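Student: Take this structure first; my questions come after.
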Amino acid sequence: METKNCQNCKNDFTIEPDDFSFYEKIKVPPPTFCHLCRAQRRLAFRNERKLFKVKDALTGQDIFSTYPAESGRKIITRDAWLSDNWDAMEYGQEYDFSRSFFEQQQELEKKVPMYNFNVIRMVNSPYAFNATALKNSYLVVNSSYSEDCMYGNAIDRCKDCVDNSHINESERCYECFWLSKCYQCYFTIMSADSRNVWFSRDCLGCSDCFGCVNLRKSSHCIFNQQYTKEEYEKEIAKMRLDTASGLEEARKKARSFWDTQITRHQQGVRNLNSTGSYVTDCKYVNDSYLIRGSENMRFCQYMQLPGNKDNYDVSNWGEDTELCYEIIECGENSYNNKLSRNCWPACRNLEYCVHLFSCSDCFGCVGLKKKQYCIFNKQYTKEEYEELVPKIKRHMDEMPYIDSLGLVYKYGEFFPLEFSPFGYNNTLATQHFSITKEEAEAKNYAWVETEKGEYKITQKASEIPDSAHDGIEQILKEVLECENCKNPYRILGNELIFYKKEKLPLPRICNECRFERRISDRLKLFLHERTCMCAGISDETGKYKNTVSHDHKDSPCPEIFKTGYAPERPEIVYCEKCYQQEVY
């Protein structure tokens with residue numbers, strides 16, 4: 001075990017024996033940034049939700065791109081990028097041992113055309129991006145294998161869902177977060193195998209429930225109280241959930257009830273020796289975030305497609321990723337890739353590469369397709385490649401890149417954050433490491449404001465009919481003003497069909513504000529050391545009364561754990577044992 005001081009935040013961090021074993025296995029030096037600063041740096045290279053209008057570098061026409069014009073990149077459509085009409089090898093260059101590696105890599109990256117956004121095998125989903133195999137979907141991002149969905153992020157293998165985040169194998173769900181195998185659930189979070197559930201949290205195998213928390217295989221419950229089928233339907237009808245006013249009143253009551261109920265310290269199920277938030281079906285996955293079906297990993301985030309193992313510091317997206325380190329947006333059969341971005345599918349043995357497609361054994365390359373043994377987009381023989389790469393790594397140590405803050409980048413460090421082609425405010429980093437524009441500019445991070453469309457507001461949110469049934473077809477012609485941010489938004493035809501089918505009122509806020517409200521429930525990737533809040537016969541705040549006697553009797557539970565729930569949050573956080581005794 002070794003304690004080091006982080007180059008970036010200046011805090012001490014510990015490298016464990018298992019960490020050293022992994023670094024030795026993949027032949028990289030130990031990091032000089034702590035794991036949180038490494039995560040911030042990687043996530044600043046992913047713009048997941050913002051689109052910009054830019055000029056196509058080939059045609060001069062306007063196209064949408066996740067890369068803003070300010071990025072200095074040459075942007076073309078993905079179809080053009082995948083075509084045989086150009087070859088990134090034409091930009092190949094000799095390695096210059098008189099200059100730093102990162103300086104040369106950045107120059108190459110700005111020369112080679114890059115595709116406008118990540119999509120593959122899409123059907124009738126032109127405004128979905130960072131996505132795989134979507135069909136008839138609109139403004140869905142970071143999602144795979146879903147159909148007839150709108151306004152979602154991390155929607156995997158779902159159908160007919162609107163405004164959801166991090167759900168899989170679900171259908172006809174609305175405004176939900178972290179669901180699995182659910183049907184017709186609304187405003188519900190952290191639940192699975194449930195149907196027709198409203199405003200509930202942590203419910204498994206439930207049906208026809210409203211405002212419930214921690215229920216298992218229950219039906220016809222309201223605020224955890226049992227009703228008959230007839231009583232339940234009568235009470236639900238009184239709530240007028242098909243009106244905006246009724247829905248808002250229901251939301252407030254449900255949220256108030258949530259605050260009186262306990263939550264487990266770690267969100268996730270069916271794990272073995274794993275820590276982190278939203279870690280499910282995992283073995284030996286630690287200090288990680290939003291991971292499904294993976295094993296032997298640490299410091300990883302947003303790997304929601306399963307089949308991953310033996311990775312450190314990997315962000316987005318998974319799907320059979322193995323033996324990788326410090327990569328982002330590299331998935332779908334990714335093996336032994338290091339310090340790279342946006343390289344997929346079936347890439348192997350890459351280092352410091354960007355936008356590679358089905359390549360192997362490449363170093364410092366940009367935009368290549370189905371190539372091997374290349375350095376800076378120049379072809380080498382296997383023998384030449386294996387001789388030159390170690391020399392470049394030594395040179396990176398002897399002539400490191402030093403950024404504008406004085407941070408030193410030798411071999412083994414990910415790309416400097418100041419190299420990100422995105423405005424910091426438009427990246428995943430800002431969701432966990434929020435900073436002001438002034439703070440970003442002081443660190444030489446880009447900051448790019450999104451353009452607001454020139455639309456004339458024709459109707460304010462307060463003027464939208466309260467009911468889901470009051471002649472609302474006219475709304476398709478209106479430009480609405482968001483009740484929250486005052487920006488314009490519209491209701492689309494398929495969206496209106498969904499609201500009518502589910503008997504839901506029209507939203508009063510735009511899809512971006514709905515997203516922000518939804519993820520306000522989501523924990524950040526930080527872990528905090530805390531003590532169980534079970535005080536014996538109740539929780540330490542007195543809001544929740546225990547239903548059974550615990551092993552520690554009337555004394556406070558001494559259990560200490562790592563949790564994503566920060567001490568200032570309102571949730572009543574119990575250790576796994578106390579939680580199990582109360583819920584099961």
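The values are calculated or read from the model by the stated rules, or taken from the named source; none is laboratory data. This structure is a prediction, so every number in the text was calculated from the model and none was measured. Here the Cβ positions follow ideal geometry from the backbone for every residue, glycine too, while neighbour counts run over all protein chains shown.
Student: Restricting the search to the stretch 567-579, which residues are farther than 24 Å from Cys203 by Cβ and in contact with a strand residue (DSSP E or B) (Cβ under 7 Å, 6 or more places away or on another chain)?
Tutor: Once the filter is applied, which keeps residues that are farther than 24 Å from Cys203 by Cβ and in contact with a strand residue (DSSP E or B) (Cβ under 7 Å, 6 or more places away or on another chain), the stretch 567-579 yields only Pro567.
Student: Write out, first by first residue and then by second, each pair whose Cβ atoms fall under 7 Å of each other, whose residues are 6+ apart or on separate chains, and whose first residue, in the stretch 566-578, is closer than 15 Å to Thr547 by Cβ while the second is of a type in the set (A, V, I, L, M).
Tutor: Within 7 Å, the pairs are Ile572/Ile262; Ile572/Met533; Tyr574/Ile262; Tyr574/Met533.
Student: For the condition more than 29 Å from the chain's Cα centre (by Cα), surrounded by 12 or more Cβ atoms within 10 Å (Cβ to Cβ) and under 25 Å from Ser288 (Cβ atoms), what is the one hit in Glu582, Glu571, Glu540, Glu559?
Tutor: Glu559
Student: Quick test for you: out of Cys343, Cys324, Cys282, Cys300, pick the one residue that is at pLDDT 95 or above, more than 20 Å from Leu525 (Cβ to Cβ), buried (at least 24 other Cβ atoms within 10 Å of the Cβ) and not β-branched (Val, Ile, Thr).
Tutor: Unique residue meeting the criteria: Cys343.
Student: When you look at Trp178, is it in the same structural domain as Thr260 (by TED's automatic domain parsing), aromatic (Phe, Trp, Tyr) and buried (at least 24 other Cβ atoms within 10 Å of the Cβ), yes or no?
Tutor: yes
Student: Just checking, how many residues over the stretch 58-92 are of a type in the set (D, E, K, R), in contact with a helix residue (DSSP H, G or I) (Cβ under 8 Å, 6 or more places away or on another chain) and farther than 23 Å from Cys374 by Cα?
Tutor: Residues flagged as of a type in the set (D, E, K, R), in contact with a helix residue (DSSP H, G or I) (Cβ under 8 Å, 6 or more places away or on another chain) and farther than 23 Å from Cys374 by Cα within the stretch 58-92 amount to 0.
Student: If you take the residues of the stretch 212-260 that are part of a loop (DSSP other than H, G, I, E, B) and of a type in the set (Asp, Glu), which of them is nearest to Arg508 (Cα to Cα)?
Tutor: In this case the residue turns out to be Asp242.
Student: Something else: Output the residue which, of all residues in the stretch 498-536 that are β-branched (Val, Ile, Thr) and at pLDDT 95 or above, is nearest to Glu175 (Cα to Cα).
Tutor: Ile509
Student: Identify the residue in the stretch 1-56 that is more than 17 Å from Phe414 (Cα to Cα) and among the aliphatic types (A, V, I, L, M) and, among all such residues, is surrounded by the fewest Cβ atoms within 10 Å (Cβ to Cβ).
Tutor: Met1
Student: Scan Tyr312, Tyr289 and give me the residue that is over 19 Å from Asp156 (Cα atoms) and in contact with a strand residue (DSSP E or B) (Cβ under 6 Å, 6 or more places away or on another chain).
Tutor: Tyr312
Student: Moving on to the next point. Search the stretch 425-441 for residues that are free of Cβ contacts under 8 Å to residues at least 40 places away in the same chain and buried (at least 17 other Cβ atoms within 10 Å of the Cβ) and pair each with any residue that is assigned to a loop (DSSP other than H, G, I, E, B) and not hydroxyl-bearing (Ser, Thr, Tyr) when their beta-carbon atoms are under 6 Å apart and the residues are at least 6 apart or on different chains.
Tutor: Every condition considered, the pairs that remain are Asn425/Trp447; Ala440/Trp447.
Student: Looking at the stretch 173-201, I want the residues that are within 19 Å of His220 (Cα to Cα) and have a partner that is acidic (Asp, Glu) and assigned to a strand (DSSP E or B) with Cβ atoms under 9 Å, at least 6 apart or on another chain. Which pairs are those?
Tutor: Cys182/Glu171; Tyr183/Glu171; Gln184/Glu171; Arg195/Asp208; Asn196/Asp208; Val197/Asp208
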